[in-house]
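Taking it in order: structure first as structure tokens, then the write-up.
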Amino acid sequence: MLDALVERGPPTPADGRATYFEPFLGGGALFFQLGWPGRAVLNDLNAELIATFEVVRDRVQPLIERLGERHQRYLDGDEEGRKQLFYEVRAERPSDPVEVAARMIFLNKTCFNGLYRVNRKGEFNVPHGRYKKPAILDCETLMAASRALQDVELAHQDFEDACEPAQAGDFVYLDPPFSPMSKTASFTSYTADGFGREDQVRLKTLVDRLSERGVHVMVSNSPQELIYGLYQGSEHFQQYCVEALQARRMINSRGDRRGGIKELVITNYPTPPGLERAPQSTK
Ligand SMILES: C[S@@+](CC[C@H](N)C(=O)[O-])C[C@H]1O[C@@H](n2cnc3c(N)ncnc32)[C@H](O)[C@@H]1O
């Protein structure tokens, strides 16, 4: 999936002058895959997530030490001990940035399916997972991430504000929380406020504004009528390319629902011809 996104990157090669914006950062998978040579601005509304990225960028050694302690204590515990440690850490409300980052990474590695979900109060509420040997401390990955982040600007604000400085030639990749695919699916609560229909409309209007300014935009989204309608029915811009891709999203409690979900990729520039494409769907 990531390769498919990289192949559909903007038409002009990054020459070191254009800025890369990723306003819905999450784990930043595309940023790390792209290896963008120029300036990069990464943003997420989740303040703890951005604090964690800042610690990975600026204080990776103390983070590694703290995670190492937690890693050892977790692996030394029996099933009950591990569970107890997980809920102990989940209940913590640290203010020291290294502790915030260590808690976030620990919970991400030991919770159910690596899911991130919060309740209405913004409290992380995913239960304990059942990994035998979770990689709570992965030094190599942390060090590589730290190097990649050295000159990166990090911010936590709403996606619209984060895109304000984007200029002609810059590249903005937007990967908003997906709308639920069924009435029972509830994987939308990355933040206490959720991401609903109005936010999707706000996002589309932002894409129009960025397009008018000559900014290259790529959006990942769920293949829903609302999203097709917003972009394909757009009077404003005829140039949107809307393509359905096969995605492999690992986060689903039912194994049979994990593979093959289609993901929409929308660009405001033509994607290169000759790419391997899934059959086009019009709705
Ligand atoms: C689908 S995830 C991004 C996944 C990411 N591309 C990755 O590789 O992991 C969506 C992210 O958007 C963030 N988010 C939700 N609402 C937002 C908003 N209004 N402005 C900025 N970020 C927001 C969430 O905190 C979450 O991290």
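The values are calculated or read from the model by the stated rules, or taken from the named source; none is laboratory data. Computed from a predicted structure; not experimentally measured. All Cβ positions, even for glycine, are placed from backbone atoms using ideal geometry, and neighbour counts span all protein chains on display.
Would you mind stating whether residue 140 is without any contact (Cβ under 8 Å) to a residue 24 or more places away in the chain and within 16 Å of the ligand (Cβ to nearest atom)? Talk me through it step by step, then tell me what you get.
Details: without any contact (Cβ under 8 Å) to a residue 24 or more places away in the chain: yes; within 16 Å of the ligand (Cβ to nearest atom): no.
Taking the combined requirement at face value, the residue does not satisfy it.
Quick grid of which residues meet (1) in contact with a His (Cβ under 9 Å, 6 or more places away or on another chain); (2) more than 9 Å from the ligand (Cβ to nearest atom); (3) on the phi < 0 side of the Ramachandran plot; (4) outside any strand (DSSP E or B):
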position: 18; (1), (2), (3), (4): yes, yes, yes, yes
position: 27; (1), (2), (3), (4): no, no, yes, yes
position: 32; (1), (2), (3), (4): no, no, yes, yes
position: 38; (1), (2), (3), (4): no, yes, yes, yes
position: 41; (1), (2), (3), (4): no, yes, yes, no
position: 51; (1), (2), (3), (4): yes, yes, yes, yes
position: 61; (1), (2), (3), (4): no, yes, yes, yes
position: 70; (1), (2), (3), (4): no, yes, yes, yes
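Between 154, 85, 174, which is more than 17 Å from residue 48 (Cβ to Cβ), within 16 Å of the ligand (Cβ to nearest atom) and modelled with pLDDT of 95 or more?
Numbers: 154 fails: more than 17 Å from residue 48 (Cβ to Cβ); 85 fails: within 16 Å of the ligand (Cβ to nearest atom).
On inspection, the qualifying residue turns out to be 174.
Tally time: how many residues in the stretch 143-157 are surrounded by 14 or more Cβ atoms within 10 Å (Cβ to Cβ) and in a loop (DSSP other than H, G, I, E, B)?
Total meeting the criteria: 3.
Table: residues versus (1) closer than 28 Å to residue 16 by Cβ; (2) in contact (Cβ under 8 Å) with a residue 60 or more places away in the chain.
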{"position": "91", "(1), (2)": "no, no"}
{"position": "113", "(1), (2)": "no, yes"}
{"position": "133", "(1), (2)": "no, no"}
{"position": "147", "(1), (2)": "yes, no"}
{"position": "153", "(1), (2)": "yes, yes"}
